[in-house]
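Novice: Pasting a structure below so you can have a look.
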Amino acid sequence: MARIVEIATARLVRELNQPFVTALRSTTQVVSVAIRVTTDDGASGYGEAPQIWRVTGESQASAEACVQGPLADALLGLELDAESVRGVHELLARTVAGNTGARAACEVAAIDAVARASGQGFAAFLGAPAEAVTTDITIAATVTDPSAERVPEGFRTAKVKVGLDPADVERVIRIHDSADGVRIRVDANQAWDLDRATSNLERWQRAGVDLEFVEQPLPAWDVRGHAELRRRTLVPVLLDESVFSVHDLDRAIEADAADAVNIKLAKCGGIYAGLEIARLARRADLGLMVGSMMESELGVSAAAALASAIAPGQTHDLDAAWWSIDAADPGTPYSADAYRLNDGPGLSRASDRIGAEGLDWTSRR
């Protein structure tokens, strides 16, 4: 059994190909912290903690402090194998409150180290044999260049960010009408109240826009409002920011507030927490989608592995790394709307690319 002997962090910043704008944030960069866990048998595993002020409250500085401080205290000296790694997320949850992105990155890194040592791909380690998962493409909430509203070739599902523009209804109709055969989702990131959500959904339905779902239309705390919206509309309601944990999902189920849930590693705290949320959602007959924050292919690859384990036939929301990768890059994990899972041990394809960027690592032993 291997023992963890080193925890290292490095700040990761990448420029986006175009601005990413939602009702919660606007950014032109990936800003995150890469995590490396090394064991005494020489195996290393990697994870990523994105900076998400408006969702988890975490920053690069806070993630670094959390990982290099209490999480390293808990992990250094820990013995890891295929069985014991299942308990890492519980250990980290007992160690700190919140800090879900930092916890998830450390757990992913620990799983990655064990998967590499066994010679398995990360998804295969989770029992997921799929070679790729399908992703949507996000269209930002506001664009100055009309060409940015076009759905890129090869994508069959577009998620349109809304909530900032008074002309949202017309904009979604325009995107729908210009992208023949493309399935449309909308994501308000908590921007609306109940009446605005009801009005917008009614107008889209009258215009013939067959929405796959509306994501997080109301504030995260407004579980009752989401339940009322479901009574007013036939458009399925998917919850994102309202559900960090199984306890959040349990409350949403009790209120009859959701048709589906968006699971994100940086929200729930890791792979095994995500699997637990998925099990509860299935028992309640809810739909599942795995999402990503604005992060590199390191974080997205772990999310894609989770997606392949819980809902391999669904279209997920895993385009985050697409925004910072050159489409002509031969190493891109994207092939049209397919996100290719790692075919080497662990997350090696993604972590090798991150390693090639020459990050400045800070180590604790």
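The values are calculated or read from the model by the stated rules, or taken from the named source; none is laboratory data. Computed from a predicted model, the values in this text were never measured in an experiment. We place every Cβ from the backbone using ideal geometry, glycine too, and count neighbours over all the protein chains shown.
Novice: Going residue by residue through region 124-136, is there one that turns out to be assigned to a loop (DSSP other than H, G, I, E, B), closer than 22 Å to residue 304 by Cβ and aromatic (Phe, Trp, Tyr)? Steps first, answer last, please.
Specialist: Our first condition is that a residue be assigned to a loop (DSSP other than H, G, I, E, B); within region 124-136, this holds for 126-131, 136.
Retained after the next criterion (residues that are closer than 22 Å to residue 304 by Cβ): 126-131, 136.
Those left that are additionally aromatic (Phe, Trp, Tyr): none.
Checked region 124-136: no residue is assigned to a loop (DSSP other than H, G, I, E, B), closer than 22 Å to residue 304 by Cβ and aromatic (Phe, Trp, Tyr).
Novice: Filter region 37-66 for residues that are closer than 30 Å to residue 216 by Cα and of a type in the set (A, V, I, L, M) and give the result.
Specialist: The first filter runs over region 37-66 and keeps only residues closer than 30 Å to residue 216 by Cα, leaving 47-64, 66.
Hits for region 37-66 are 49, 52, 55, 61, 63.
Novice: Does residue 291 satisfy the condition of being of a type outside the set (Val, Ile, Thr), at pLDDT 95 or above and buried (at least 24 other Cβ atoms within 10 Å of the Cβ)? So that I can check it myself, show each step before the final result.
Specialist: Numbers: of a type outside the set (Val, Ile, Thr): yes; at pLDDT 95 or above: yes; buried (at least 24 other Cβ atoms within 10 Å of the Cβ): yes.
When the stated conditions are applied, residue 291 passes them.
Novice: Which of (1) surrounded by fewer than 19 Cβ atoms within 10 Å (Cβ to Cβ); (2) assigned to a helix (DSSP H, G or I); (3) of a type in the set (Gly, Ala, Ser) is the odd one out, the single condition residue 117 does not satisfy?
Specialist: (1)
Novice: Ok, one more. Just one of the numbered conditions (1) closer than 30 Å to residue 349 by Cα; (2) not in a helix (DSSP H, G or I) is not true of residue 148; which one?
Specialist: Against the list (1) closer than 30 Å to residue 349 by Cα; (2) not in a helix (DSSP H, G or I), residue 148 comes up short only on (2).
Novice: Collect the residues in region 307-323 that are in contact with a Ser or Thr (Cβ under 9 Å, 6 or more places away or on another chain) and surrounded by 20 or more Cβ atoms within 10 Å (Cβ to Cβ), keeping them in residue-number order.
Specialist: 307, 315, 316, 317, 318, 319, 320, 321, 322, 323
Novice: Next up: Go through (1) of a type outside the set (Phe, Trp, Tyr); (2) at pLDDT below 95; (3) over 26 Å from residue 134 (Cβ atoms) for residue 179 and report which single condition fails.
Specialist: Every listed condition holds for residue 179 apart from (3).
Novice: Take residue 260 and tell me if it is within 26 Å of residue 135 (Cβ to Cβ), of a type in the set (Gly, Ala, Ser) and over 20 Å from the mean Cα position of the chain (by Cα).
Specialist: On the way: within 26 Å of residue 135 (Cβ to Cβ): yes; of a type in the set (Gly, Ala, Ser): yes; over 20 Å from the mean Cα position of the chain (by Cα): no.
Considered against the rule, which asks whether it is within 26 Å of residue 135 (Cβ to Cβ), of a type in the set (Gly, Ala, Ser) and over 20 Å from the mean Cα position of the chain (by Cα), residue 260 comes out as no.
Novice: For residues that are under 24 Å from residue 54 (Cβ atoms), free of Cβ contacts under 8 Å to residues at least 12 places away in the same chain and part of a helix (DSSP H, G or I), tally how many sit in region 156-192.
Specialist: So the first thing to find is which residues in region 156-192 are under 24 Å from residue 54 (Cβ atoms), and the list is 158-168, 171-172, 185-192.
If we keep only those that are free of Cβ contacts under 8 Å to residues at least 12 places away in the same chain too, we end up with 166-167.
Then keep just the ones that are part of a helix (DSSP H, G or I); that gives none.
Of the residues in that region, 0 qualify.
Novice: Moving on. Looking only at region 64-81, which residues are of a type in the set (A, V, I, L, M, F, W, C), in contact with a strand residue (DSSP E or B) (Cβ under 9 Å, 6 or more places away or on another chain) and either within 23 Å of residue 360 (Cα to Cα) or not assigned by TED's automatic domain parsing to the domain that holds residue 93 (or both)?
Specialist: Selection gives 66, 67, 71, 72, 75, 76.
Novice: Looking at 107, 48, 58, which is the one that is at pLDDT 95 or above, among the acidic types (Asp, Glu) and farther than 19 Å from residue 309 by Cβ? Working first, answer last.
Specialist: Working: 107 fails: farther than 19 Å from residue 309 by Cβ; 48 fails: farther than 19 Å from residue 309 by Cβ.
The conditions single out 58.
Novice: Could you tell me which residue of region 90-111 is surrounded by the fewest Cβ atoms within 10 Å (Cβ to Cβ), considering only residues that are β-branched (Val, Ile, Thr) and within 19 Å of the chain's Cα centre (by Cα)? Show your work before the answer.
Specialist: Let us first name the residues in region 90-111 that are β-branched (Val, Ile, Thr), namely 95-96, 100, 108, 111.
So of that shortlist, the ones also within 19 Å of the chain's Cα centre (by Cα) come out as 100, 108, 111.
Working: 100: 27, 108: 32, 111: 29.
Filtering region 90-111 for residues that are β-branched (Val, Ile, Thr) and within 19 Å of the chain's Cα centre (by Cα), the one surrounded by the fewest Cβ atoms within 10 Å (Cβ to Cβ) comes out as 100.
Novice: Another question about this same structure. In region 196-215, is there at least one residue being among the small types (Gly, Ala, Ser), surrounded by 16 or more Cβ atoms within 10 Å (Cβ to Cβ) and assigned to a loop (DSSP other than H, G, I, E, B)? Talk me through it step by step, then tell me what you get.
Specialist: Taking region 196-215 as the starting set, the residues that turn out to be among the small types (Gly, Ala, Ser) are 197, 199, 207-208.
Still in the list and also surrounded by 16 or more Cβ atoms within 10 Å (Cβ to Cβ): 197.
With the extra rule that they be assigned to a loop (DSSP other than H, G, I, E, B), the set shrinks to none.
No: region 196-215 contains no residue that is among the small types (Gly, Ala, Ser), surrounded by 16 or more Cβ atoms within 10 Å (Cβ to Cβ) and assigned to a loop (DSSP other than H, G, I, E, B).
Novice: Is it the case, given these coordinates, that residue 285 is assigned by TED's automatic domain parsing to the domain that holds residue 186, without any contact (Cβ under 8 Å) to a residue 40 or more places away in the chain and at positive phi?
Specialist: Details: assigned by TED's automatic domain parsing to the domain that holds residue 186: yes; without any contact (Cβ under 8 Å) to a residue 40 or more places away in the chain: yes; at positive phi: yes.
Yes: the conditions hold for residue 285.
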